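The values are calculated or read from the model by the stated rules, or taken from the named source; none is laboratory data. None of the values given here were measured: they were computed from a predicted structure. Here the Cβ positions follow ideal geometry from the backbone for every residue, glycine too, while neighbour counts run over all protein chains shown. The accessibility values were calculated without ligands, DNA or RNA, using every heavy atom of the protein model including side chains. Shrake-Rupley method; radii C 1.70, N 1.55, O 1.52, S 1.80 Å.
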Amino acid sequence: MKRNQSKITVLFAAFCLSLMLCSFASSSENPAVAAPETTEEAKPKLTVSLELGEVTYKHYCTPCHGMKGNGNGFNAGSLLVKPANHTDAKFMSARNDAKLFDTINLGGVEVAKSTLMPPWGVNLGDEKIKSVVLYLRELCQCKAAKNW
Amino acid sequence: MKLSFKDTKLLLICSAALLVLTVLMFLFEFETTRPWKGIQRDFVEIDKQVTEEALAKTQALPDSAAKTEEIKRLTKHSNELDSYMPTIRQTWLTHFDTADRCTTCHLGIEAPQFANAEQPFTTHPGDHIASDRHSIDTFGCVICHEGQPVGLTVDEAHGHIHHNWMTPLLAGKRAESSCEACHAMGSDIAKDAILPDAPSFTAGRTLYLETNCLGCHVAKGYERDAGIGPTLTKLSTKADPSWTLSWIKKPTDFLAKTAMPDFELEDEKITAITAYLHSLSKIESSSSKARKNIGNSDAIERGKASLTDLGCLGCHTEDGKDTGFGPDLKRVAEKTTPEWLLAWIEDPKKYWPATNMPDLRVPEGEAQDLVAYLSTLKSNEVSVTEPSMDKELIEKGMLLTKDTGCTGCHSIADFGLGYNAPAHDGIGQKRVDELVFADTKIHHTLADWLQLKVRSPRSFNTEDMPTLMPNFGLSEEEAEDMLTFLLSIRDRENIPAEFVKVLETPGTAKTMGEILIQENNCTGCHKIKGEGGTVGPDLSFQGQRINPKWMTDFLMAPTKIRPEGIEPTRMPTFNFTEEEASTLSAYFADQSKVSYPYYKPAKKEFAAADREKAWKIYFQTFSCQACHAWNGEGGIVGPDQSDLAKRLRADWVKKYLADPQKFIADVQMPNFEMYPDELEILTDLIMSFNEIPAPVWEQIKKRWDDEELAKQAAAMSAQ
Ligand code: HEM
C-alpha cells in the first residue's frame, strides 16, 4: 500500500511496534501507557460495502471521472489525458480487482498509466479502496474477463 | 393636702430609684436577649463538633511531626472554645471609612471547614474572599453585599428595618451587582464581554444591551446604539399594510424569536400607526426582472439549492422555529414582494445600511432563482392593498408612532433615533417611596418592583400614570439576571481609585476579534475553535495556515478561493474596515499562537539541479497541475496556486503536503507520501510561484506537457 521505499519503513515500524507491544504486555502493571500506541487499531474498522464505495467515489473521484463515472467530471477538461470511463464494460473487464486496487492505491504510475491519476492509498485506506472497487464493478456492470 | 419637704424628698428618691431600677432591668433584659450572643454560642457548639471530627481524622493518620503539630493546634482550639466569651466582632475598613460587624454572626465565612454548615455559619462560596483579591479584611462584607454593617440584629444588619432603607442586603446572585463598582463594564466594553465570577450580572448586561433597552432609556456609562430594527421610512416598498397590522399586533405570531416587543396596543391605534408608516413611501411597481422566474419549477429547484450552497442557512432557518441569527424564512413571502427580495439580495445595505446581512455577491440569474424559491414560502395568499390615504388617520398615526417609542429601534422619516423614557441612572438605589406599586400585591421593595416591571411592564399602570413600556417576554431567569444588572446601576462614590480595575480590557486582538466574530455570526458557516457550521471551511487552524496580510485584504474584499465544483459557497462581503479586518487576522494568528505579522523565512539558495527536480515532482511525479490551476489555467479541484505564496505560511505548507488529512479529514487532496527532501524543495518551489513571470511559467509547463503527450503517444503505438 506504500511506495517502495516506504514499504520498508512500514515493515520496520511494524517491527518496532510489535516489539513495543511485547514489552508492554510483559510489564502489564502499566496498561494505560500502551493504549495510545494502539490508536490505529482502536479506530473502528470500516466494513467493505457498496454504499461506502459509492460515497467515497462521489467525494474523491467524481471531479475527474464525473458523477456518472463516464470520465466527464468538471475537472476532466483541464487534463491532458482523459480520465478513464468507468462505465465502459470492455475497458473495465480488462482489469481485475487487484489491478484496480493498485491503481487507486498508488496512482496511475503504478500501472504504467498517467500520473494525472493520483494515488489515494493514504487518504482512503484498504477498506474504502475495496469498497470503491465494488462500486466500480457496479458502474461498469462487469466482471474481470479473467483472473490473471 | 400640702406635702412637706420631707415627703417630697422621699418621693423623689423613690421615683429616682424606680427609674434606675427600670433602666437597669431594661438593660439587663436587652443584654440577655441580644441575638448575636445566642448565635455565637450555637456556633461554638458546631465548631466543637467540627474540631472533634478533625481531631479524630488526624489521629488516624500515620505518625509524623506534622500530625503532632496538628493535634496540638486542634486541642488548643478546642480548649479555647470551652472558655469562649461572646464578643462583637468589628472590622474597620480603613479604605472605605466604615465599620463592618457582619462576622459577629457569620463566623464561619472564611473557614472552609464550615462549607456544609447552615446560614449564618456557612463558608463563603467560591474563592472570592479566600483569595487576596477580595480579602475580607479590606472589603468586609458590606462593600459587596450592602446592608447596615453596624446592625446587630438580623433585620438591622440586613437593612430590613425600614422599607426605605437605601442599601438593603444584596444576597446571592444580587451581590454581583456590586462588582461593576470597581470593574467598570460600560459601553466601551463588548456586548458579550464576560465579567469573571459574575454570571448573573454578565447575562443581565448582555440582555440589557441586546434587548436594546438603551433605545428608549439612557444610563450613565452606556451609549445608545444604532437602531436595531430596520428603517421604516420605505416600508411600503417591502410589506403590505395588512401584514404590518398583524405584525404590530403580535410580532411573535410571525417570527417566534423576534427582538420586536409586544406593545399591547389597541386595534385603532395600530390602524393609525400602520396608515402613517405606509404613507411615507409608495408600493413599488411590478418589475419583470424580479418576477422573471416566478412559478418556474426548475428555477424554484435551483433557488432552493442556492439557499444551501450560498450558505444562507448558516444564519437563517427555514422551519419556522426562528432560532437563527437572521429571521426565519418559512413565511417570508407573506411579508414581502419579489421586487423587494431581489433588491435586498443584490444589496442588503442599500435598503438598510445598518443591517448585519452581508453582500453575497449573487449574480442576477441566481438571485432570480432565489426570488422564485423564496416567493413560494408562504402559507396563504398575500393581499396587495393600497395604504389608506385618510389625512386625519395618518396625522393621528404620526403622533402615536412618536409617543409609542417606535423610534427607540427604528429610524422613521425625520424623527431622530431614540426615545425619552425615564433615565436608568441610579435605578439600583431608587427609594421605595418613589415607586408606584398601584394595586399589586408584591413586597414593597425595589427588587420586587423591578422584577415585576421587567417581566410585566404594565403591572403598575394607574389611571393617571399609564406606562408605555412594551413587553419583551423575558423568562423568570432572564428577569432575575436583568434585575442583577439594573441593581448595579447605582452611585458608589466611596470607591478608592486604587481598587478600580477594568477586567475586560477593551481593544486587545482577542476580545475585539471575538466581538467581530459574534456580531457577524462567522460561526453560522465556519467552525472556530471546533464549534460552528460546516458551510465554509473550518477556521480553527487558519491562523497557522494563512498569511495575516493576505487575510486582511481577503476579508475586506473576498474572492473565490476554492473552485465552484468542490465548494459552491462564496464568502460574502461584510464590508469590514481595514481596522476590523486586521483585528480578525491578528485574532486568528493569536488563536494559533503564530507570529503576527508573518515573516517569510529567509530565502534558501537551491542548486539548479534541485530546482529542476522540484519542477519534475510538481508536473510529473505528482502532477499537481491535475487539480491546481495557475493564473486560471489548469485543474479546478484545488485552489489556484499563482498567488499561493502570498496566501500561505511556508511552514504550514510543508506540514500540509506531508499530511493534508491532518487538517481536513476528508480532503480531496492526496497524501503523496513525500520524502523529506522532496517536501523541502517542493515547498520552496511553490512558495516562489508569485515571483515567476507568466511567460516563464508557460514555457516550463509546456515542456512537461509535451513530455506527457510524448509518453501517451509512445504508449498508444506500443499497443
Ligand atoms: C504535489 C502536488 C500538489 C501540491 C504541491 C499541492 C499543494 C496544495 C496546497 C499548498 C494546498 C493548500 C492551498 C491553499 O490553501 O491555498 C492545496 C489544497 C488542495 N489541494 Fe493540492 N497540491 C497538489 C496536488 C493536488 C492534487 C493532485 C489534488 C486533487 C486530486 C489536489 C487537491 C487539493 C484540494 C481539493 C485542496 C483544497 C483543500 C481545502 O479545502 O483547503 N492537490 N494543495
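Would you mind getting the accessible area per residue of segment B:34-85, heavy atoms of the protein chains only, 1.4 Å probe, in Å²?
So segment B:34-85 comes to 70 Å² accessible per residue, rounded to a whole number.
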State which entries of A:Lys99/A:Lys146; B:Lys501/B:Lys529; B:Lys593/B:Lys654; B:Lys289/B:Lys560 exceed 24 angstrom in Cα-Cα distance in the structure shown.
B:Lys501/B:Lys529; B:Lys289/B:Lys560
Debye intensity ratio I(q)/I(0), log10, segment B:76-204, q values 0.13, 0.19 Å⁻¹ (C-alpha model)
-0.62, -1.21
Chain B, helix-only ellipticity at 222 nm - DSSP H runs n ≥ 4, -39,500 (n - 2.57), divided by all residues, nearest 500:
-12500 deg cm²/dmol
Accessible area in square angstrom per residue, segment B:235-408, 1.4 angstrom probe:
50 Å²
Percentage relative contact order, segment B:608-718, counting C-alpha pairs under 8 Å, at least six apart
26 percent
With +1 at each Lys and Arg Cβ and -1 at each Asp and Glu Cβ, the charge dipole magnitude of segment B:560-719 around its Cα centre, to the nearest 20 debye, comes out at 100 debye
What number, in nm² with one decimal, is the all-direction average of the projected area of the convex hull of the alpha-carbon atoms of segment B:608-718?
7.8 nm²
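With +1 assigned to the C-beta of every Lys and Arg and -1 to the C-beta of every Asp and Glu, and no other charges, what is the dipole magnitude of the protein assembly as shown about the Cα centre in debye, to the nearest 20?
Rounded to the nearest 20 debye, it is 2320 debye.
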In Å, the Kirkwood estimate of hydrodynamic radius for segment B:235-408 over Cα pairs equals 17.1 Å
Could you compute how fast segment A:42-140 diffuses translationally, taking Rh as the Kirkwood radius over C-alpha pairs and applying Stokes-Einstein at 25 °C with viscosity 0.890 mPa s? Give it in µm² per second.
182 µm²/s
Could you state the number of Å between the C-alpha centres of segment B:235-256 and segment B:620-665?
50 Å
Ellipsoid equivalent to the protein assembly as shown - semi-axes via the Cα gyration tensor, in Å:
70, 44, 23
Taking all protein chains as present, what is the carbon and sulfur share of the accessible area of the protein assembly as shown, in % to the nearest whole number, probe 1.4 Å?
58 percent
Positive dipole terminus of chain B, leading residue within B:Thr323, B:Leu310, B:Gly227 (C-beta point charges):
B:Gly227
If unit charges are put on Cβ atoms (+1 for Lys and Arg, -1 for Asp and Glu) and the dipole of the protein assembly as shown is taken about its Cα centre, the option from B:Thr573, B:Ala629, B:Ser286 lying farthest towards the positive end turns out to be B:Ala629
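With a 1.4 Å probe, what is the total accessible area buried between chains A and B, in Å² rounded to the nearest 100? Could the numbers behind the result be given before it?
Details: alone 9920 and 39910 Å², together 47600 Å².
The buried area between A and B, both sides summed, comes to about 2200 Å².
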Rounded to a whole number of µm²/s, how large is the Stokes-Einstein D of segment B:34-85 at 25 °C and 0.890 mPa s, given Rh as the Kirkwood radius over C-alpha pairs?
206 µm²/s
Interface residues, segment B:625-643 - accessible area loss of 30 Å² or more versus chain alone, probe 1.4 Å
B:Ala626, B:Ile636, B:Val637
Pairwise centroid distance, computed over Cα atoms, of segment B:444-523 with segment B:560-584, Å
35 Å
Per segment B:509-591, sqrt(5λ) over the Cα gyration tensor eigenvalues, sorted largest first, in Å, gives 18, 15, 12
Short version: what are the Cα gyration tensor semi-axes of chain B, square root of 5 times each eigenvalue, largest first, in whole Å?
67, 43, 19
Helix hunt in chain B: which complete DSSP H runs extend at least 27 Å axially by C-alpha with mean Kyte-Doolittle at least -1.0?
B:5-33, B:35-59, B:694-718
To the nearest 20 debye, what charge dipole does segment B:509-591 have about its Cα centre, counting +1 at the Cβ of each Lys and Arg and -1 at the Cβ of each Asp and Glu?
260 debye
Inter-centroid distance (Cα atoms) of segment B:291-325 relative to segment B:670-692, Å:
42 Å
